[in-house]
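The values are calculated or read from the model by the stated rules, or taken from the named source; none is laboratory data. Please read these numbers as outputs of a predicted model, since none were measured by experiment. Every residue, glycine among them, receives a Cβ derived from its backbone with ideal geometry; neighbour counts consider all protein chains shown. Note: accessible area is taken over every heavy atom of the protein model, side chains too, but ligands, DNA and RNA are not part of it. Shrake-Rupley method; radii C 1.70, N 1.55, O 1.52, S 1.80 Å.
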Amino acid sequence: QVQLVESGGGLVQAGGSLRLSCTASGSIFSINAMGWYRQTPGKPRELVATITSGGSTNYADSVKGRFTISRDNAKNTVYLQMNSLKPEDTADYLCRAEVRRIGVTMTNAYWGRGTQVTVSS
């Protein structure tokens, strides 16, 4: 099996910064894209940022210039540096990874359980 565990969420004032981390563990052969999504009650899950194994990145327009996604392939870890946070960034942030497990030819998507980010005004 594969597990994704997020950390780094918390309460921060508007204009502040947080750094989220997500580490994948288990029977991993390789990881393709990794990404961060966020969700608030009553709204659909929203893509925040993604990064390929080669380092190509993609961001939601709402976070461009403020958030930076990066990854450490040796540690199976993806990061999200969030600067200039706004109250509208308040959400549960979830990690997603496209993983090929050892002994399996298919790639499947796995999700973490989320870490809460709250930005006060």
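Conditions (1) more than 15 Å from T23 (Cβ to Cβ); (2) part of a loop (DSSP other than H, G, I, E, B), marked per residue:
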| site | (1), (2) |
| --- | --- |
| V48 | yes, no |
| Y79 | no, no |
| S84 | yes, yes |
| V104 | yes, yes |
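Can you find a residue that is in a loop (DSSP other than H, G, I, E, B) and either open to solvent by 70 Å² or more (accessible area, probe 1.4 Å) or out of contact with any Ser or Thr (no Cβ under 7 Å at 6 or more places or on another chain) (or both) anywhere in the stretch 22-36?
yes
Within the bounds of the stretch 104-120, is there any residue that is open to solvent by less than 40 Å² (accessible area, probe 1.4 Å), basic (K, R) and touching a strand residue (DSSP E or B) at 6+ places or on another chain (Cβ under 9 Å)?
No: the stretch 104-120 contains no residue that is open to solvent by less than 40 Å² (accessible area, probe 1.4 Å), basic (K, R) and touching a strand residue (DSSP E or B) at 6+ places or on another chain (Cβ under 9 Å).
Which residue pairs have Cβ atoms closer than 6 Å, lie 6 or more positions apart in sequence or on different chains, and pair a first residue in the stretch 52-78 that is open to solvent by 40 Å² or more (accessible area, probe 1.4 Å) with a second residue that is at pLDDT below 95 and hydrophobic (A, V, I, L, M, F, W, C)?
none
Is it the case, given these coordinates, that V99 is more than 18 Å from T115 (Cβ to Cβ), part of a strand (DSSP E or B) and among the β-branched types (V, I, T)?
yes
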